[in-house]
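Here the structure comes first, spelled out in C-alpha cells, and everything after it is commentary.
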Amino acid sequence: MKNSKNALVYVEYPQPYQKKLLNALTTAGYSVISVIPDNSEKNINRALKALEYVEVAILGGVLPIQNLEHAPNLKWIHFDWVGIEKILTRAMFEGGRIITNGSGRNSICLAEHVFYFIFTLTYGTRDIFISQHDHHWGVNHLNPYSCLFNKTILIIGTGSIGTEIALRAKSFGMKTVGYSRTLKEQNLAYDRQESKQAGVDFTSLITEADFVVLSVPLNTESYHLINASVFEKMKKTAYLINISRGAVVDEKALSEAVSTRQIAGAGCDTFENEPLDKSSPLWDLPTMVITQIPAKL
C-alpha cells in the first residue's frame, strides 16, 4: 500500500455522492482509506495513522494541526467547509502542498439566509411573535411594514454567495448593486457593478442602499470595513446584514448605530469573537437579529 498512491477520505456524504468521490479517486489510481468523521477515538486514530503515508487527505472533520503539518507524503489537503483561516498554518503549505476548501458549496443556503434576515427585520417578526405569545391582537411595530419591491440592495462581495443573493433579490423586484475589490465581467444578476480596482469607493454606493449585505473574505483590507464613518453615511431606514466574517464589522460601532437608530437594524450570523459574549449589548437590541449557522459551513 505504501508504494502506491493513497488517499484518506475523512468525510461522509449521502451515499450516491460518497460513491462518486470514492470512484473518482480509485479511477485516478488511488488506494482509498475511508474513515467516518464521527469524532470517535477509534476513527480519529485510523485517520491519523493514514496521514503517515497518504498523498491526499479529504477532510470533513478537523484533525490535529501538527499531524497535518508533519504528514511526510501529503501533497493535497481539502477541507470540506469554508471557514478554514483559523486552522491554517504556514507549515501546512511547505513542500508546495495544495490547500483547498469548500468555497461556494453553501452559496444557495447562505443567500436564502440573507432573506431570512431581511424578512425578519422588515416585517417586525420579533414583535409578531411577542404579540402572539401574549395573545395580543395588533402589533406596535418598531419598523413599519415595508415590501422589497424597488428597494436597493448593495452586495459587497460578488462571488458565488453574492451572486446567489442578487439573483433572489431580482425576483423580488429589487435593484441590485454589486461591489467587488477587482473588476469583474458583467453579471446579469446585478443592475450595476462597481469595484475598487475601477476607482470606486463603496461608501459612495452605500448612501442609496436600503440593505447592505456583506459577503467578503476577511483580510487586511476588509478588517472593520464597516465602521462608525460608514454607518454615518447609511440611510436611517437601511439595514446591515453580515454573513461573511465578524471582524469585517466594528461591533462597537454597530451597537451604537443600531441602539441610537442611526440605521434601522442589522442581522449578523458571525462575530469577531465567537461565541458572542453574553455581556454584549447586541443581544438585547430590538432591531438586531443574531443567528448561528455552524462554523464549518
**OP:** Grab the DSSP H runs of the chain that are 4 residues or longer, score each as -39,500 (n - 2.57), total them, divide by all residues and round the 222 nm result to the nearest 500 deg cm²/dmol.
**Re:** -8000 deg cm²/dmol
Subject >> Cut-off 16 Å, label 7 Å out along Cα→Cβ of Arg192, residues of segment 198-232 by amide N >> reply: 198-213
Original post:
Asn73 label point, 7 Å along Cα→Cβ, cut-off 19 Å on backbone N: hits in segment 28-60?
Top reply: 28-35, 45-59
Subject >> Per residue, in Å², the accessible surface of the chain once ligands and nucleic acids are set aside, probe 1.4 Å >> reply: 54 Å²
Original post:
Using 0.36 nm per residue, how much length does the chain from Thr26 to Ser40 gain when fully extended, once their Cα-Cα distance is taken away?
Top reply: 2.4 nm
Original post:
If the viscosity is 1.306 mPa s and the temperature 10 °C, what translational diffusion coefficient in µm²/s does Stokes-Einstein give for the chain when Rh comes from Kirkwood over Cα pairs?
Top reply: 74 µm²/s
**OP:** Give the shape of segment 54-193 as rounded, prolate or oblate, defined through the alpha-carbon gyration tensor: a ≥ b ≥ c are the square roots of its eigenvalues, a/c under 1.5 means rounded, and otherwise the shape is prolate if a/b is larger than b/c and oblate if not.
**Re:** oblate
Original post:
Just how far, in whole angstrom, is segment 71-95 from segment 208-250 if you go by their alpha carbon centroids?
Top reply: 30 Å
**OP:** With the full set of protein chains in place, find how many percent of the accessible area of the chain is carbon and sulfur; take the probe as 1.4 Å.
**Re:** 55 percent
**OP:** For Gln66 paired with Glu232, estimate the spin-label separation in nm (one decimal), with each label point 7 Å from Cα along the Cα-to-Cβ line.
**Re:** 5.0 nm
**OP:** Mind putting together the pair-distance distribution for segment 204-273? All Cα pairs, 10 Å bins, whole percent per bin, short to long.
**Re:** 23, 60, 18, 0
Original post:
Which of the helices in the chain, when you take each full DSSP H run, stretch at least 15 Å along the axis at their Cα atoms and have an average Kyte-Doolittle score of 0.5 or higher?
Top reply: 107-122
Original post:
So what are the ³J(HN,Hα) numbers for segment 179-184, from phi and the Karplus equation (6.51, -1.76, 1.60; θ = phi - 60°), rounded to whole Hz, Gly and Pro as x?
Top reply: 10, 9, 6, 10, 4, 9
Original post:
What's the FRET efficiency of Trp283 with Ser131 using the Cβ-Cβ distance as r and R₀ = 30 Å, to the nearest 0.05?
Top reply: 0.90
Original post:
How many angstrom separate the Cα center of segment 15-46 from the Cα center of segment 134-193?
Top reply: 40 Å
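The values are calculated or read from the model by the stated rules, or taken from the named source; none is laboratory data. Everything numeric in this text was worked out from a predicted model, so none of it was measured. Note: ideal-geometry Cβ built from the backbone for every residue, glycine included; neighbour counts use all protein chains shown. The area values use the complete protein model at the heavy-atom level, side chains included, leaving out ligands, DNA and RNA. Shrake-Rupley method; radii C 1.70, N 1.55, O 1.52, S 1.80 Å.
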